[in-house]
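Below is one structure; the comments refer to it alone.
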Amino acid sequence: MINFEQELNEEQLAVIKNGDGPCLVLAGAGSGKTRTITYRVAYLLEKGIPPENILLVTFTNRAAHEMIERVQTLTGTELPLPWSGTFHHIANKILRQYSTHLGYKNSFTVLDADDSQALIKLCIKEFKTTDRFPSAKVVNAIISFSRNSQKDIETTIEEKFSAWWHLSRTIRDVYSRYEQKKKEGNVMDFDDLLINLGLLLNIPAIQEKFSNQFRYILVDEYQDTNKLQASIINSLAKIHRNILVVGDDAQSIYSFRAADIKNILNFEEKYPEAKIFRLETNYRSHQEILSLANDVISNNRHQYPKQLKAIKIDGIKPNLYPKNDQSDEAEFIVKQIKDLIEKGTDAHQIAILFRAAHHSQMLEMELAKAGILYDYRGGLRFFDRAHIKDVLSYLRILNNLADTAAWLRVLLREEGIGPTAANKIITAVQKLEKIEDLKQLGEILGGKAQLGFNNFLKIFEVLLEAYIPENNPGDLVDAIVNSRYSDYLATEYTDSEERKKDLEQMAIFAAKHQNLTGFLTEASLQESFAKPAAINLKPAEQQKRLVLSTIHQAKGLEWEAVFIINVANDAFPNSRSASEPNGLEEERRLLYVAITRAKKHLTLTYPMSTESWGATAGPSIFLTEINQDLIDDHHLLSYKSTVFDRSDNEIQYIPEEDDRPIKIKPGSFLRDLDDL
């Protein structure tokens, strides 16, 4: 028998013993959410509830497996939980029995992402009326968001993909044809699993069967459910109404995937008799970190208020450091990391978190110079990203016409040019006397390849016009960003604006070099940094790497020391959030998530000026909301106890510790600057 009273705290025990009926468990960061769910399942099993009458829904297969193993350990049996897993796993299991009710055979095939895009590509060819049309990947994203948010195609495009508004009708036709082809081929994509389960549950006999079978329903990470998923759960809970959902509205950060925070905020409207439980005891962080997190999230209007309380005592206040610019910020963080490691903190227990991937570029440069290995979460390292490699390839050709690898990359990217045509062009290029003769090469190609080469020239000619040997290489990167390549990014990727910001960041880095050759050499060194060393590392050594991560990818993880960088105006929150419904509140939740990843050390930084998003950056509006008693504000925000020197129309801040002076241009943000 499990001693629940001894193994759980009072908050968790209340959920375990009183979890019948509709229940909303508000599980704050680090409060033992998984522990609570698994003990609740074990409690039900001990009370004699058959496993097949329990539905446990998680967001990843890994989470499901972990919970099953914990339940088996608690109960001392290998009793399976046949109805545990992700929404898609549960849907597939039911559809395998009942898909004939929807006109499918039970032997239907589930398409992966590549299969779906290939089928959409065929549909696009039937309706495409213009050269500039979104790629199959982008169309797939439009369709997927539309279905998961349960909004029509036109509304989805207007709200999320406005660049393609003029093609809304055509995209809707492509969608209709895609649906038809899937039905004809007896195939479903991942979204169909949920859509079709929802349709099945509209059939009274099927809904009654499963709603009657699932006496107890538990849903993990409920704040991340979309409208469709919540509808499925409500249908399955219709008879017994023993629905226990666990989540934290303060950690709802996936609206870009159609997650709907209203599911958790409006739970009491759907279930007026619902019991609300709060798990506020935090086992991860010191109270000083939690106090800051509580203060930050308190500024959100739409939330369930809660106050995280720490088990750990005797912590240190989070630190806030403004720096001159992103380069200065990166140098400072590397210095701090070295100091932490020297004092005994393992590298893999240190993380640098950022709002967007392009924020990490300067830091990656400094880490490379310092010889510090790191793992990158939430995407690829800066110089490994496809669009970065594309632009570098154009520049490499400009610098060296004989660069075969660069030619292959830019040519094979163009529609109509295959390996044979690319080799023909490369062979002809090697015979050219001057770069301007490139225009003539299209004559040796067939129709489709010639069209592809002409598209290449539209980009390369812009680059040639911008090329003056004495100019800085940053101008060349800007030229490519402002060429037809920008249209290519918009056509091929759903995150084209983020990719453009990556390239803007690269232009800043390039501008620091005197010539193109020097920049390309440095970029090559950065690109290859640590790759040979990583091959020879043993698994235990690989785990000791520093972690760089977007905040979205960091959710659910924790580290001894966390740095949150670029907490700056127009960077965090990002500039789009102000124009999106409740966008600012989701950005604030992102900061809350970042803060609550830290166990012991927390440092926030921002640049006072940056070339990336304006002449002056300054602190994020979120930093201006913070109660200053909760943070060690080392520099500007505690300026009244420091020394300033006014000269040359600038204010030069002279820090009290051994650090670089910070120059603040007129118009830069400073609280009560006029009081100086």
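The values are calculated or read from the model by the stated rules, or taken from the named source; none is laboratory data. Being a predicted model, the structure only gives us computed values, none of them experimental. Neighbour counts run over all protein chains shown; Cβ positions are idealised from the backbone, glycine included. Note: accessible area is taken over every heavy atom of the protein model, side chains too, but ligands, DNA and RNA are not part of it. Shrake-Rupley method; radii C 1.70, N 1.55, O 1.52, S 1.80 Å.
Couple of notes before you dig in:
- A Förster radius of 22 Å, combined with the Cβ-Cβ distance separating residue 257 from residue 202, puts the computed FRET efficiency at roughly 0.35.
- Under 5 Å between amide hydrogens, built in the peptide plane, is the criterion, and for residue 321 it picks out 604, 605, 606 among residues at least 5 positions away or on other chains.
- Whole-Å distance, taken between Cα centres, linking segment 465-519 and segment 167-235: 43 Å
- Cα shape, segment 424-508, gyration tensor, a/c 1.5 rule: oblate
- In segment 54-185, Rg over Rh equals 1.11, where Rg is the alpha-carbon radius of gyration and Rh the Kirkwood radius from pairwise Cα distances.
- Under the shape rule built on the C-alpha gyration tensor, where the axes satisfy a ≥ b ≥ c, segment 544-624 is oblate, since a/c reaches at least 1.5 while a/b does not exceed b/c.
- Relative intensity, log₁₀ I(q)/I(0), of segment 557-602 from a Debye sum that treats every alpha carbon as a point, q = 0.14 Å⁻¹: -0.38
- Rel. contact order, % - alpha carbon contacts under 8 angstrom, at least six apart, segment 384-502: 22 percent
- Under-5 Å amide H pairs with residue 315, H placed in peptide plane, nonlocal only: 287, 288
- Mean accessible surface per residue for the chain, computed with a 1.4 Å probe while every protein chain stays in place, in Å²: 44 Å²
- Residue 158 versus residue 431: modelled label distance in nm, points set 7 Å from Cα along the beta carbon direction: 5.8 nm
- The phi torsions of segment 11-27, fed into the Karplus equation with coefficients 6.51, -1.76 and 1.60 and a -60° offset, translate into couplings of 5, 5, 4, 4, 5, 4, 8, 10, x, 7, x, x, 9, 10, 9, 8, 9 Hz, rounded to whole numbers, with Gly and Pro shown as x.
- Loop-exposed GluC sites (Glu not before Pro) per DSSP, neighbour cap 13 Cβ within 10 angstrom, longest uninterrupted part of the chain: 79-272
- Accessible area of the chain belonging to carbon and sulfur atoms, whole % at 1.4 Å probe: 47 percent
- Anchor residue 431: aspartates and glutamates whose Cα lies under 19 Å away (excluding residues fewer than 8 positions away in-chain): 403, 443
- Sequence-distant residues sharing a close amide H with residue 226 (under 5 Å, placed H): 260
- Charge dipole of the chain about the Cα centre (unit charges at C-beta), most positive-ward option of 387, 136, 488: 136
- Look at the alpha carbon pairs under 8 Å that are at least 6 residues apart: their mean separation over the length of segment 200-255 gives a relative contact order of 45 percent.
- Rounded, prolate or oblate (a/c below 1.5 giving rounded, otherwise prolate when a/b exceeds b/c) for segment 1-104 by Cα gyration tensor: prolate
- Those lysines that a straight Cα-Cα span of less than 16 Å connects to residue 270, excepting residues fewer than 8 apart in one chain: 227, 238, 262
- Our helix-only sum for the chain, with -39,500 (n - 2.57) per DSSP H run of n ≥ 4 divided by its residues, gives a mean residue ellipticity at 222 nm of -14000 deg cm²/dmol.
- Gyration tensor over alpha-carbon atoms, segment 73-144, equivalent ellipsoid semi-axes in Å: 38, 17, 8
- Volume of the Cα convex hull of the chain, divided per residue and given in Å³: 188 Å³
- About the centre of its Cα atoms, the chain shows a dipole size close to 2280 debye [charges on the beta carbon of Lys, Arg (+1) and Asp, Glu (-1) only; nearest 20 debye].
- Dipole magnitude (debye, nearest 20) for segment 19-81, charges at Cβ of Lys, Arg, Asp, Glu: 240 debye
- Taking all protein chains as shown and a probe of 1.4 angstrom, residue 165 keeps an accessible surface of around 130 Å².
- Listed by chain and number, the lysines whose C-alpha is less than 16 Å from the C-alpha of residue 424, apart from same-chain residues fewer than 8 away, are 439, 448.
- Rounded to whole Hz, the Karplus (6.51, -1.76, 1.60) HN-Hα couplings of segment 379-392, x for glycine and proline: x, 9, 4, 3, 7, 9, 6, 4, 5, 5, 5, 4, 5, 4
- Computed from backbone phi with θ = phi - 60° and the Karplus coefficients 6.51, -1.76 and 1.60, the 3J(HN,Hα) list for segment 145-157 is 5, 4, 6, 6, 8, 6, 10, 6, 4, 4, 5, 4, 5 Hz; x is used for glycine and proline.
- Segment 259-355: radius of gyration over Cα atoms, expressed as a fraction of 2.2 N^0.38 Å: 1.50
- Cα-based Rg of segment 126-253 normalised by 2.2 N^0.38 Å, two decimals: 1.27
- Take every pair of alpha-carbon atoms less than 8 Å apart whose residues are at least six positions apart; their mean separation over the length of the chain yields a relative contact order of 16 percent.
- Heavy atoms of residue 512 accessible to a 1.4 Å probe, total area in Å² rounded to 10: 120 Å²
- Cross-link check: pairs 275/600; 306/544; 33/317 evaluated at a Cα-Cα cut-off of 28 Å; pairs beyond the cut-off: 275/600; 306/544.
- Cα-projected label distance for residue 112 with residue 560, points at 7 Å along beta-carbon direction, nm: 3.9 nm
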